[in-house]
Amino acid sequence: MKFFIDTANLDEIKEANDLGVLDGVTTNPSLMAKDGVTGKDSILKRYVDICNIVDGDVSAEVISTDFNGMVKEGEMLASLHKNIVVKVPMIKEGVKALKYFSENGIRTNCTLVFSAGQAILAAKAGADYVSPFMGRVDDTTWDGTDLIDQIAVIYGNYGFETEILAASIRSPLHIVKCAEIGADVVTCPLKSIMGLLNHPLTDIGLAKFLADYKKGNK
Ligand code: E4P
């Protein structure tokens with residue numbers, strides 16, 4: 001399973017990258033705004049800065065909602081760095097853009113996916129990644145893992161090569177659930193990645209080992 005971090009914050013990206021387990025980054029317009037990155041030039045610069053930190057796929061989202069606008073924007077984003085994956089929303093014009101990009105050698109991540117039907121369209125259009133939003137599905141009192149499971153079965157039935165990128169991850173438990181059902185990628189906040197480290201028995205065990213070492217090595 002690939003680990004992506006879901007942020008536009010360079011310190012968080014560096015911290016996750018330093019852990020040695022990071023395979024990529026996802027961003028979206030809300031994450032850029034949250035980190036105070038506004039204006040086209042600053043946003044484009046931030047994508048390049050992220051690509052220079054992480055040796056892996058970096059999703060950059062288009063703002064346009066019409067086919068021609070998405071194509072123009074996506075081509076510009078893809079030209080920034082070889083690691084850029086163009087993030088396209090699951091709307092009618094987006095499906096057309098996904099198809100265009102797949103036929104023209106530009107890698108894509110289809111975002112805002114909330115149903116298996118949408119995931120089928122993304123795969124048919126040749127998306128490299130499909131992003132079901134697990135946490136936001138949970139918010140509607142439906143289990144996000146069921147959606148990812150359903151997409152995995154469908155993609156397996158037909159050998160679709162689109163990778164399932166579980167997004168909107170909110171906790172370490174989400175990550176473990178995604179691993180159990182075989183999601184190809186999870187994109188997570190730093191807190192959820194670091195949360196995987198925690199177990200009180202590890203802390204207790206380490207304290208005892210160190211205390212015993214001290215006793216025997218005065
Ligand atoms: C990433 O690709 C998505 O945009 C992101 O995971 C959405 O997360 P949220 O539901 O916490 O905003």
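The values are calculated or read from the model by the stated rules, or taken from the named source; none is laboratory data. Predicted, not measured: the structure shown is a model, and the values here were computed from it. Reconstructed Cβ throughout: ideal geometry from the backbone, glycine too, with neighbour counts over all protein chains shown. Each accessible area value is taken on the protein alone, full model and side chains, heavy atoms only, with ligands, DNA and RNA left out. Shrake-Rupley method; radii C 1.70, N 1.55, O 1.52, S 1.80 Å.
Remark: pairs (first residue in segment 28-53, free of Cβ contacts under 8 Å to residues at least 12 places away in the same chain and within 22 Å of residue 88 (Cβ to Cβ); second residue among the hydrophobic types (A, V, I, L, M, F, W, C) and open to solvent by less than 40 Å² (accessible area, probe 1.4 Å); Cβ separation under 7 Å; 6+ apart in sequence or on different chains) = 43/32; 43/37.
When residue 119 is tested against the conditions (1) open to solvent by 10 Å² or more (accessible area, probe 1.4 Å); (2) among the small types (Gly, Ala, Ser); (3) over 27 Å from residue 198 (Cβ atoms), the lone failure is (1). It is to be established whether one or more residues within segment 129-141 are at pLDDT 95 or above and more than 15 Å from the ligand (Cβ to nearest atom). So far as segment 129-141 goes, yes, one or more of its residues are at pLDDT 95 or above and more than 15 Å from the ligand (Cβ to nearest atom). Of the strands (runs of 3 or more DSSP E) that lie entirely inside segment 1-107, those containing 2 or more residues that are closer than 23 Å to residue 196 by Cβ and not basic (Lys, Arg) span 2-6, 24-26, 57-61.
Could you grab me the full set of residues in segment 172-193 that are in a helix (DSSP H, G or I) and exposed (fewer than 15 other Cβ atoms within 10 Å of the Cβ)?
Applying the first criterion (in a helix (DSSP H, G or I)) to segment 172-193 yields 172-181, 190-193.
173, 176, 179, 180, 191 - these are the residues of segment 172-193 that are in a helix (DSSP H, G or I) and exposed (fewer than 15 other Cβ atoms within 10 Å of the Cβ).
Per-residue answers, yes or no, for (1) under 17 Å from residue 22 (Cα atoms); (2) open to solvent by 10 Å² or more (accessible area, probe 1.4 Å); (3) in a helix (DSSP H, G or I); (4) touching a Cys at 6+ places or on another chain (Cβ under 7 Å):
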residue: 132; (1), (2), (3), (4): no, no, no, no
residue: 148; (1), (2), (3), (4): no, no, yes, yes
residue: 154; (1), (2), (3), (4): no, yes, yes, no
residue: 170; (1), (2), (3), (4): no, yes, no, no
